[in-house]
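Enquirer: Here it is: the structure, laid out below.
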Amino acid sequence: TQDAVAQRMRARRRQQGSLDLETFQPRAVFEGERVVDIRQQVQNRARQLIEEFMIATNTCTAQFLAQHGGSALRRVVRSPERWMRIVEVASKYGEALPKTPDSRALEGFLARQRKADPLRFPDLSLVIVKLMGSGEYVVEHARGEPIGHFGLAVRDYTHSTAPNRRYPDLVSLRMVKALLSGDHPPYGLTELATLAEHCTRQEDAAQKVERSVRKSEAALYLQGMVGQKFDAVVTGRTESATWVRIFTPPAEGLLVAGEFNLEVGQKIRVKLVGTNVERGFIDFEQAH
């Protein structure tokens, strides 16, 4: 029953413009303290069930706080300021997006690309995520116009489902508890504003640490494979660097030798030439 309801909620969110992205999220598999594999995190119905009920709960919590006239710590993703860059990305795929931010149009484009090129879809997803900008915590008032969450296509959203790992969730639940018991709000406006800024900063820092750990896990697993060759795809390119992602095991690294006029999305063959576990570096050169 939960699965059926979750899928209906998921379909409704998609119709409203919720973005179905698929970012590259490899995870280490351990046996004791030894890394024995790296696997891409699988998006399945079980994960979707949890996600949909979390989103629904967070929306209900935000609406409950607003209906009772209180200020709340909202989780927002603003309408993208770099929307025109997203329009440019879509145009490279032969798609035309509106000139003003439109989550439904963007989701339609993403759905078509996922179907047309599933192999490179995680890399397109990452580009869109970066151009959308990161989420943040803000204080919103009951009578104010909510900023909303552009990626989820919802107007009212807070974090309230994981107090074991997220301090903003605990703040929200303390405010709900006070309302239910008829007590005064546990936080004033000034304190909430300070907490919003603090929590945004801490989440950004935590994400940087997590990315660093994931890179080191991959470098640790690959250090015994130096000299081996892999199929890869070019995932990023600047004037000074080119990044590639190998498929099996799923890992990303720097191309340190070979052609540097490669296009993002181009498939190539690479050889692993070095790893640095402490710094999370994985170096490849182009193989022939």
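The values are calculated or read from the model by the stated rules, or taken from the named source; none is laboratory data. Everything numeric in this text was worked out from a predicted model, so none of it was measured. All Cβ positions, even for glycine, are placed from backbone atoms using ideal geometry, and neighbour counts span all protein chains on display. Note: accessible area is taken over every heavy atom of the protein model, side chains too, but ligands, DNA and RNA are not part of it. Shrake-Rupley method; radii C 1.70, N 1.55, O 1.52, S 1.80 Å.
Enquirer: What pairs can you find where one residue is in segment 267-288 and closer than 16 Å to Met225 by Cβ, the other is hydroxyl-bearing (Ser, Thr, Tyr) and assigned to a strand (DSSP E or B), and their Cβ atoms are less than 9 Å apart, with a gap of 6+ or different chains?
Expert: Phe281/Thr275; Ile282/Thr275; Asp283/Thr275
Enquirer: Within the set of pairs 6+ apart or on separate chains, which have a first residue in segment 163-183 that is over 15 Å from Tyr137 (Cβ atoms), a second that is open to solvent by 70 Å² or more (accessible area, probe 1.4 Å) and of a type in the set (Lys, Arg), and C-beta atoms under 9 Å apart?
Expert: As it stands, the answer is Asp183/Lys177, since those pairs meet every condition given.
Enquirer: If you don't mind, another one. Considering (1) at pLDDT 85 or above; (2) surrounded by fewer than 19 Cβ atoms within 10 Å (Cβ to Cβ); (3) not in a loop (DSSP other than H, G, I, E, B), say which one Lys99 fails and leave the rest.
Expert: All conditions are met except number (3).
Enquirer: Here is a further query. Among residues belonging to segment 166-210 that are part of a helix (DSSP H, G or I) and of a type in the set (Lys, Arg), point out the one that is modelled with the lowest pLDDT.
Expert: Here the residue is Lys208.
Enquirer: Give the residue that is surrounded by the fewest Cβ atoms within 10 Å (Cβ to Cβ), with candidates limited to residues of segment 10-47 that are under 16 Å from the mean Cα position of the chain (by Cα) and free of Cβ contacts under 8 Å to residues at least 12 places away in the same chain.
Expert: Step by step, filter segment 10-47, then rank; the result is Val42.
Enquirer: Still on this structure: Of the conditions (1) closer than 30 Å to Phe281 by Cα; (2) open to solvent by less than 90 Å² (accessible area, probe 1.4 Å); (3) without any contact (Cβ under 8 Å) to a residue 40 or more places away in the chain, Ser216 fails just one. Which one is it?
Expert: That leaves (3) as the condition not met.
Enquirer: Ile50: loosely packed, with under 14 Cβ neighbours inside 10 Å and within 17 Å of the chain's Cα centre (by Cα), yes or no?
Expert: So Ile50 passes the test.
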